[in-house]
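To start, the structure under review is shown below, and the notes come after it.
The values are calculated or read from the model by the stated rules, or taken from the named source; none is laboratory data. Computed from a predicted model, the values in this text were never measured in an experiment. Glycine also receives a Cβ, built like all others from the backbone with ideal geometry; neighbour counts cover every protein chain displayed.
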Amino acid sequence: MNDNSHIIKYVNQYIELTKEEEDYFSSLITNKSIKKRQYIIQPDFVAKNRSFVLDGAFRGYLMCTEGKEHTIAIAIENWWITDYNSYIFQQPATLFIEAIENSKIAQLSYDNEQKLLDKFPKFEKLFRILSQQSLASTQRRIMSNLSDSAEIRYEKFIRDYPKVVNRLPQYIIASYLGFTTEYLSKIRKKRVEA
């Protein structure tokens, strides 16, 4: 059996699990090592898993028709990542989910999640909380992108995600914040000079 103590500890922050619930949940999890630049989801394939990052970093991005990448999501340790539209509705993905570093993940398949929810409905609370947090975060990001300057968006990013800033390449941060790498370099230079 996999050592899932880390993800069990994480889940216990949201819902208190019995030993039986821990064992069952653990039996449904698959642990994987993912190499840097390896994809765990690609467009046109259904996202069969949601992935919990045990170690490493990922990004979710889409490629527009002009060939430009738009980073939609990032994830480091203790964060979940998938193409949620694909995963929830079991339809073809639109995002690439790529490892930014050599990483380790714990995956829960869509089918196993349904089994888990049928057997132990209390897990619905966990996924509800995670969904609510994700929705609130997405709303804050959209509002910031519509109303804040690039400089303010970057300041909020480094304030809210200090553990992420130095781990991600500049082009990913710039893409996530909605501007070019060159513009991010100018913002960083201004901050150093201030």
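Taking the stretch 51-65 on its own, how many of its residues are touching a residue at least 60 places away in the same chain (Cβ under 8 Å) and within 9 Å of the chain's Cα centre (by Cα)?
Number of matching residues: 2.
Is it the case that some residue within the stretch 162-178 is of a type in the set (Ser, Thr, Tyr), in a loop (DSSP other than H, G, I, E, B) and either in contact with a Pro (Cβ under 7 Å, 6 or more places away or on another chain) or not assigned by TED's automatic domain parsing to the domain that holds Phe25 (or both)?
No.
Among the residues of the stretch 168-182, which ones are within 21 Å of Ile76 (Cα to Cα) and surrounded by 16 or more Cβ atoms within 10 Å (Cβ to Cβ)?
Hits for the stretch 168-182 are Leu168, Ile172, Ile173, Ala174, Ser175, Tyr176, Leu177.
If Thr82 meets every condition in (1) in contact with an Asp or Glu (Cβ under 7 Å, 6 or more places away or on another chain); (2) within 23 Å of Lys119 (Cβ to Cβ) apart from one, which number is that one?
(1)
Pick out the one residue from Leu17, Leu108, Leu95 that is surrounded by 15 or more Cβ atoms within 10 Å (Cβ to Cβ), of a type outside the set (Phe, Trp, Tyr), farther than 28 Å from Tyr161 by Cα and modelled with pLDDT of 95 or more.
So the residue among Leu17, Leu108, Leu95 that is surrounded by 15 or more Cβ atoms within 10 Å (Cβ to Cβ), of a type outside the set (Phe, Trp, Tyr), farther than 28 Å from Tyr161 by Cα and modelled with pLDDT of 95 or more is Leu17.
So how many residues does the stretch 38-60 have that are farther than 18 Å from Ser109 by Cβ and surrounded by fewer than 20 Cβ atoms within 10 Å (Cβ to Cβ)?
4
Going by what's in this entry, would Ala106 be described as assigned to a helix (DSSP H, G or I) and either in contact (Cβ under 8 Å) with a residue 40 or more places away in the chain or over 13 Å from the mean Cα position of the chain (by Cα) (or both)?
Taking the combined requirement at face value, the residue does not satisfy it.
Is there a residue being in contact with a helix residue (DSSP H, G or I) (Cβ under 8 Å, 6 or more places away or on another chain), among the hydrophobic types (A, V, I, L, M, F, W, C) and modelled with pLDDT of 95 or more anywhere in the stretch 82-92?
No, that holds for no residue.
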